[in-house]
Amino acid sequence: MTTPQRQLSIGMNILGFGAHAAAYRLGEVPPTAQLSADYFVNIARISEERGTLDAIFLADGPALPLGERGNGGGRGPLGKLEPTVLLTAVALATRHIGVIATASSSYNEPYNIARRFSSIDHLTGGRAAWNVVTNAGDAAAQNFGLGGAPVHADRYARADEFLEVVTKLWDSWEDDAIQPDQGNNVFADTGRIHPINHVGRYFSVKGALTVPRTPQGRPVLVQAGSSEGGKALGSRWADAIFTTQTTLADGQAFYREMKERARRWGRNPDHLKIMPGLSTVIGSTEEEAVRRFDKLNAFIGEQGLARQVAGRIGIPVDQLDPDAPLPWDRIGPVTAFERGSHGFLEAQLNLARRENLTVRQLSRRILVGHRLVVGSPEQVADTIEEWFRAGAADGFNIMPDAFNSGVEIFVDEVVPLLRKRGIFRHEYTAGTLRGHLGLPYPGNRYTLARQATAA
């Protein structure tokens with residue numbers, strides 16, 4: 001017998017009108033498309049029917065970014081729908097593709113999140129996933145009665161206990177708890193439904209959950225974060241890590257570290273999928289891709305591009321020389337940024353430092369904080385294959401520059417190349433998101449404890 005070849009996992013991240021800040025200006029879709037389920041359903045169907053992708057991914061941030069956008073500064077449309085509500089509409093319009101929605105552990109409660117994602121998992125036949133974020137910005141905190149975001153360590157300590165409670169709730173119904181007997185007016189064996197009686201530093205939750213065990217055991221857990229806190233959280237709880245890595249060497253180091261961390265938790269490291277973000281600008285040739293990228297950048301202008309870099313590193317744009325390297329003497333250690341995203345900042349600084357990039361060059365090497373490839377379908381496929389085979393990724397979360405053209409050229413031109421190379425599926429062979437990702441059905445803690453006692 002031959003061992004089946006390892007296969008890529010690929011998600012499609014629907015970031016508004018696209019990963020490029022000027023995607024809206026291309027006018028490919030109506031100006032209010034992001035407020036319509038049809039827009040997201042169309043991208044999901046393209047990803048499923050033409051790409052057989054593992055999942056679509058909906059990011060979120062519970063704050064409205066006003067400032068320049070609010071006073072006519074020309075930085076794109078405002079407004080986004082709540083992702084778990086939107087996800088349900090998208091999921092019911094598709095048959096196979098997984099659906100991943102972001103929700104914050106800082107501004108929700110475990111019981112509501114556990115119930116919400118279990119419900120989506122039932123409605124989709126086992127295709128739901130929760131992307132856990134802690135939200136670093138002050139604007140979100142101020143919408144939930146706080147003066148500012150909790151510091152990094154506190155956000156992740158709360159998130160760790162949050163996940164402990166949610167996974168207990170997801171296990172509170174054993175797999176065989178439902179044993180219907182209509183003649184005797186019985187639906188479930190209540191001895192196999194367990195109050196969790198959790199009392200901790202942040203939460204006190206009795207349980208059990210109102211929703212039974214789901215078709216894939218429990219929703220898939222995705223964790224987005226590459227800081228020390230994020231790595232500790234993800235290696236313990238996550239099924240997949242959505243990370244930002246901008247160089248192959250950094251990607252390989254992160255991959256090895258996370259697999260080893262999972263092993264130290266007593267987990268099978270193969271059951272933790274590492275999926276860096278990959279932004280793409282694709283043309284039929286590299287020259288065509290560069291022209292497309294130049295067109296998008298022209299909408300923003302040199303000052304706008306420099307302003308994006310300035311915002312990421314926390315230095316006023318008028319204090320940056322666009323044709324000089326970053327002012328390293330003014331950039332402290334990443335851990336000194338208590339309320340920002342450590343992972344995004346570190347990835348961008350690592351790229352700039354490794355390649356000695358100027359501010360102008362760095363502004364053209366990053367979209368939304370992730371690695372960027374501007375090139376032909378072959379060049380994009382080459383990058384994906386190189387990272388996959390070199391032990392830097394189990395898959396990727398793709399962030400096209402603009403929708404819908406960005407997703408169409410990826411599934412129609414890049415995916416066939418990956419199939420020819422034997423590293424991506426030609427058709428769906430599983431019915432759940434866990435199946436797409438090659439992850440096993442998770443055991444139920446109460447069932448396992450009962451079986452251990454019986455043995």
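Quick check: is even one residue across segment 399-419 in contact with a Pro (Cβ under 9 Å, 6 or more places away or on another chain), assigned to a helix (DSSP H, G or I) and at pLDDT below 95? So far as segment 399-419 goes, no, none of its residues is in contact with a Pro (Cβ under 9 Å, 6 or more places away or on another chain), assigned to a helix (DSSP H, G or I) and at pLDDT below 95.
A quick yes/no check of all residues on (1) within 30 Å of Pro195 (Cα to Cα); (2) not in a strand (DSSP E or B):
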residue	(1), (2)
Pro212	yes, yes
Gln223	yes, no
Ser226	no, yes
Gly234	yes, yes
Gly251	no, yes
Tyr255	no, yes
Met258	no, yes
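If you go through segment 191-224 and keep only what is touching a residue at least 24 places away in the same chain (Cβ under 8 Å) and at positive phi, you end up with Gly207, Gly217. Of all the numbered requirements in (1) farther than 20 Å from Gly126 by Cβ; (2) open to solvent by less than 40 Å² (accessible area, probe 1.4 Å), Trp170 misses one, and that requirement is (1).
Looking only at segment 271-283, decide whether some residue is within 21 Å of Trp170 (Cα to Cα) and surrounded by fewer than 21 Cβ atoms within 10 Å (Cβ to Cβ). Yes: segment 271-283 contains one or more residues that are within 21 Å of Trp170 (Cα to Cα) and surrounded by fewer than 21 Cβ atoms within 10 Å (Cβ to Cβ).
Restricted to segment 95-205, the set of helices (runs of 4 or more DSSP H) holding at least 2 residues that are modelled with pLDDT of 95 or more comprises 110-123, 152-170. Per this entry, His122 is not counted among residues that are in contact with a His (Cβ under 9 Å, 6 or more places away or on another chain), touching a residue at least 12 places away in the same chain (Cβ under 8 Å), open to solvent by 20 Å² or more (accessible area, probe 1.4 Å) and not polar (S, T, N, Q). For Trp387, the criteria (1) more than 24 Å from His271 (Cβ to Cβ); (2) open to solvent by less than 10 Å² (accessible area, probe 1.4 Å) hold in every case but one, which is (1). Scanning segment 359-398 for residues that are in a helix (DSSP H, G or I) and of a type in the set (Phe, Trp, Tyr) yields Trp387, Phe388.
Out of the residues in segment 432-455 that are open to solvent by less than 30 Å² (accessible area, probe 1.4 Å) and not aliphatic (A, V, I, L, M), state the one that is farthest from the chain's Cα centre (by Cα). The extreme case among them is Thr447.
The values are calculated or read from the model by the stated rules, or taken from the named source; none is laboratory data. As the structure is a prediction and not an experimental result, all values here were calculated from the model. Cβ sites come from the backbone with ideal geometry, for glycine too, and all protein chains shown count toward neighbours. The protein model used for the area step is the full one, side chains on, heavy atoms only, and it has no ligands, DNA or RNA in it. Shrake-Rupley method; radii C 1.70, N 1.55, O 1.52, S 1.80 Å.
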